[in-house]
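Have a look at the structure below, then the notes.
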Amino acid sequence: MSLLCVHCHFHQPPRENPYLGLLPMEPTAQPYENWNERIFRESYLPNLYAHYRREGKLVKVVNNYERISFNFTFSLLSWLRREKPWFVEKLRNYCRNAIATSFNHTILPLDPEEDREVQIVWGIRAFERVFGRKARGFWLPELAVDRKTLSILLKHGISYVILAPHQVKERGAFLRHPLSGGHIDIFVYDGELSHGIAFGELTNNMEELIKRTRNRKGLTLVAVDGETFGHHKKFGEMGLAYLIENCPSMKTLEEVYEVLKPGGETEIVEFTSWSCAHGVERWRSNCGCSAGGMPGWQQMWREPMREALERLRSEVKRRLFPLLERYTYDPEEALFDFVEVLMGGSKEEYFRRHTKRELKKEERKLLLKHLYAYKYVSYAFSSDGWFFADLSGIETVKNLLFAKRAIDLLGDGELEEDFLNTIGDAPGNLQSYANGFIVWHKLVLPHAVSQKRLSSSLVVLELSDVIPQEGELGKYHYRVEGFEPWKVHLEDKETEEEFEYLEDLKDFRLERMPQPLRSWLLDRWAVDYLEAEVGFTEGYEGLLEDLLLRARGEPFEVEGLMRSKVQAHLRLKLYLLLKALAPLERVWEVLRKADSLMLHVRDEFIKFCLETYIGKRVRKGLSEEEARAFANFVREYNRKVESMELMLNLWELQNWAWENKESLSQETLKLLEFE
């Protein structure tokens, strides 16, 4: 019997600013606001709606999650639950295919034992809360493994893990590893095929993978980063859909685990991983493994960074554990259960269940500050912070920002001084960020947002109608009252601390406003200006349009200036209509006018805006008549573009049609290119 499994490890590091609870703008992710949003659009969503085509016609929309095994890290799931809850609801339909992973993407064998257990317990409980069932399988971050980690997994009910071929001492795709008190089963992935998909061309030639596995006996497991399908490999989700549709022997790990018996016993090769040739050294030393650097770059900063973070973590625990002893019945269980609060559970229920008595307000705040300090120092160990080439990399800086937040929650300036004494001399590779001290002051501290700095920003946002007078913003509840001076009330929803400020804005500086608030404000100011300009100059631009029409292509001295001015005016009108989700006919009107004047408005930016507009209109709900109108619009638009790269796609409309195909006419399905 031949069986094929594909496991996808989906992961993004925690990107939120811990002082705000908001993701900053990330210019490298443009045209999207941040990398989470970009990769969602390139991979996570396309794998929910993977198009299976034959001879240019859409045969089927395949939900890849239905036939693969997968895991999502909590840092990614927490963002998805907040920003794309409808997507998580769809994932829950395939909960039987999911396996658990640790709460944070930390290198478990390098964590102290008590922290390792917290990571595992928090990860398992987060899985249970999201997917509604007990976890049997577990993805080890970076597949970093040792016997102690496996023993902890066994203790908490995990039955199997996935490892690379070089991490086990015996050959086989499904093996059993004996442990004191039981065993852990190990699925061993096929290194050659997995590498061929992740780094080779197999995503474009899944027929080759089918041919190579068709006559094999037993199990073949392919394990890769899930982002391979669509993000790392454009249209990779379509290759995965082809595999699913054409390989009848595909099963999930959970299905296989029900029927397959291990083929033998094996010992593991301890302190190894799937992404470092030197074991786990990539996350603590200058081993030579890195990504994104230049020739000759070193990573000698890794060791002092880990030392500084371990010293900080020890100090957080030294202060937290006595508080848990003082206030809770069972400190270990209270720490384990705190993940329920991190997942959005009730603080009242948490304190009612765990504290020996009703805590005073200040006692609650004190305990919460230390518990959140533990969360953030744990986030500071995200493996991504060591994975890349330089101390000034965005992933490393974010780890350091989490450390800074933990320090501030403890309220001890000497801790920061001790931290800098350890990491300050850590050498970088860039002259502008030559050591840890410079990185800390130039890249970390500017993102440590005080409540006072946030307060003035909220007043300006409220005056500019970006936010209402009262509401939720990231990790804060806020209220803005009065006028010159304004009274601002803030409540930190994590620590329950409250702050009040009087603001007169005399010292307000736009450049001090944190991201993404600054971008929200600039967008609002810019759109207000553009709307005013378009409205004010409408008649004047109409005269220029009329003059261009009358000229009928006759050359004259200022023709080029006039054409560029009218073109800019029409692009602005088009952008504002799309942003406001205006009726399609008004969008048509602007495009037809541009065509009649032979003006070029169909560029990459307008393409992005149009596809975003269509997607939002689709998600608001369409009638069949509206869907046909949008399909005709896309077809007509594409006839006028100058290159394939500028053509709009029917993807969002086709996904909608697939989900509603039973109620749609054959004429509509044909218009949307269904076979």
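Rule-based calculations on the coordinates, nothing more; no lab input. Here the structure is a predicted model, which means the values were calculated and not measured. All Cβ positions, glycine included, derive from the backbone under ideal geometry; neighbour counts span all protein chains shown.
Overview of results
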read-out: For D225, distant residues with modelled amide H under 5 Å away; value: H9
read-out: Rounded to whole Hz, the Karplus (6.51, -1.76, 1.60) HN-Hα couplings of region 52-67, x for glycine and proline; value: 9, 10, 9, 6, x, 9, 7, 8, 7, 9, 9, 8, 4, 5, 6, 10
read-out: Per-residue [θ]222 nm for the chain (sum of -39500 (n - 2.57) over DSSP H runs n ≥ 4, rounded to 500); value: -14500 deg cm²/dmol
read-out: Approximate spin-label separation R212-E625, in nm, with each point projected 7 Å along Cα-to-Cβ; value: 5.4 nm
read-out: Listed residue pairs exceeding 31 Å between alpha carbons, taken from K442/K616; K347/K452; K57/K616; value: K442/K616
read-out: Surrounding net charge for D465, when Lys and Arg each add one and Asp and Glu each subtract one, Cβ distance under 10 Å; value: -1
read-out: From phi via Karplus (6.51, -1.76, 1.60), per-residue ³J(HN,Hα) for region 584-600 in Hz, x at Gly/Pro; value: 4, 4, 6, 5, 3, 4, 5, 5, 5, 5, 4, 5, 5, 8, 6, 9, 8
read-out: Given charges at beta-carbon only (K, R positive; D, E negative), |dipole| of the chain in Debye; value: 1580 debye
read-out: Amide H contacts of V449 (H built 1.01 Å from N, under 5 Å, at least 5 apart or other chain); value: Y19
read-out: Burial ordering of D115, D546, D185, fewest other beta-carbon atoms within 10 Å first; value: D546, D185, D115
read-out: Amide H contacts under 5 Å for F174, placed H, 5+ residues apart; value: V188, G263
read-out: Relative contact order computed over the chain (Cα-Cα under 8 Å; 6+ residues apart), in percent; value: 12 percent
read-out: Selection from G191, N215, T203, by position along the positive dipole direction of region 180-221 (Cβ); value: N215
read-out: Exposed chymotrypsin sites (Phe, Trp or Tyr not before Pro) absent: longest stretch of the chain, with sites in DSSP loops and at most 11 other Cβ within 10 Å deemed exposed; value: 1-328
read-out: Overall form of region 366-414 per C-alpha gyration tensor (a/c, 1.5; a/b vs b/c); value: prolate
read-out: Exposure proxy ranking, count of Cβ atoms within 10 Å, fewest first, for H232, H600; value: H600, H232
read-out: GluC sites (Glu not before Pro) restricted to DSSP loop in region 330-405 with at most 15 other C-beta within 10 Å; value: E358
read-out: In order through region 120-133: 3J(HN,Hα) via Karplus (6.51 cos²θ - 1.76 cosθ + 1.60), integer Hz, x for Gly, Pro; value: 5, 5, 4, x, 5, 5, 4, 4, 4, 5, 6, 9, x, 7
read-out: Part-to-part distance (alpha-carbon centres) for region 473-514 and region 545-595, which is given in Å; value: 43 Å
read-out: Ranking of D523, D418 by count of other Cβ atoms within 10 Å, fewest first; value: D523, D418
